[in-house]
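The values are calculated or read from the model by the stated rules, or taken from the named source; none is laboratory data. Predicted model only: the values in this text are computed from it and were never measured. As a convention, Cβ positions derive from the backbone with ideal geometry for all residues, glycine included, and neighbour counts pool all protein chains shown. Heavy atoms of the whole protein, side chains included, go into the accessibility calculation; ligands, DNA and RNA do not. Shrake-Rupley method; radii C 1.70, N 1.55, O 1.52, S 1.80 Å.
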Amino acid sequence: MSALLHLCAWINDSSIGTRIRESDNLFSAIETVHVLGIVLMAGTIAIADLRLLGVVLRQAPTSEVVDPLVRITWLGFAVMLSSGALLFWAEAAKLYGNTAFRIKLLLLVLAAANAWIFHSRTYRRLSEWDTATATPAGARIAALCSLALWSAVIVCGRAIAYQ
Ligand code: HEM
């Protein structure tokens, strides 16, 4: 048995994992929080991406659209991470071999890397293009990648239960 599978089995059989899994409502309540968290996180990311692509709020400076959303996005991410970790805790052994879950984790890393590259490069030069209706190519590419990656994370999240 691989060390990782051994660790997943240990997490799965722990008292917390067992309690969530065997409770009548706890798992579905946590999953509901997980799904609602998408509104805060993916919803705010989508609005920012659509502004960067010039689809919505073209007349508003990018900073006036993106900056107020960032704190809500981080709150949503914290909700997704904590609720997701609890869901994982409850079924770690089953998820070890779940392809949709593995692809989802990879996509999460890619989506985070895409956001980091955008904020540490293109967004750092915001003062040069903040009021422009057409944003620089780097911003539009980051927005398209973000929309595609977060949509794929959600599709994989949905597919987990069907494997
Ligand atoms: C941060 C972005 C995330 C998004 C957008 C996301 C999205 C989703 C979605 C849409 C579902 C399906 C819910 C349903 O079928 O009702 C789901 C399920 C799940 N997510 Fe996430 N998730 C995220 C992060 C995480 C993280 C970080 C973990 C664990 C470390 C995780 C673990 C799970 C698990 C275990 C399920 C399956 C529950 C089941 O068996 O139905 N998620 N996720």
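Sorted from largest down, what three extents in whole angstroms do the Cα atoms of the chain have along their principal axes?
Principal-axis extents of the Cα atoms in the chain, largest first: 55, 31, 24 Å.
Out of the chymotrypsin sites (Phe, Trp or Tyr not before Pro) in the range 61-163, which ones are loop residues according to DSSP with at most 14 other C-beta atoms within 10 Å?
Tyr162
Find how much the distance from Asn25 to Asp130 grows on full extension, using 0.36 nm per residue of separation minus their present alpha carbon separation; answer in nm with one decimal.
Going from the current span to full extension adds 33.1 nm.
Can you pull the three principal axis extents for the Cα set of the range 91-155, in Å, largest first?
50, 19, 14
Given 0.36 nm per residue, what is the gain on full extension from Leu4 to Ala148 after removing their alpha carbon distance, in nm?
Length difference between fully extended and current span is 48.9 nm.
Please determine, in degrees from 0 to 90 and to the nearest 10, the orientation of helix 99-120 with respect to the longest principal axis defined by the Cα atoms of the chain, where the helix direction is its Cα long axis.
The angle comes out near 30 degrees.
Once the Cα atoms of the range 9-53 are picked out, what are the Rg and Dmax in Å?
16.3, 47
Note down the nm distance, to one decimal, between modelled labels 7 Å out along Cα→Cβ at Arg71 and at Val33.
2.2
Give me the 1.4 Å probe accessible area per residue for the chain, excluding ligands and nucleic acids, in Å².
Per residue, the chain has an accessible area of 60 Å².
Could you check how much of the accessible area of the chain is carbon and sulfur, as a whole percent, using a 1.4 Å probe?
That fraction is 69 percent.
Hey, what's the Kirkwood Rh for the range 1-97 if you take every pair of different alpha carbons, in angstrom?
Hydrodynamic radius (Kirkwood, Cα pairs) of the range 1-97 is 15.4 Å.
If each of Ala60 and Ala113 carries a label point 7 Å out from its Cα toward its Cβ, how far apart are those two points in nm?
3.2
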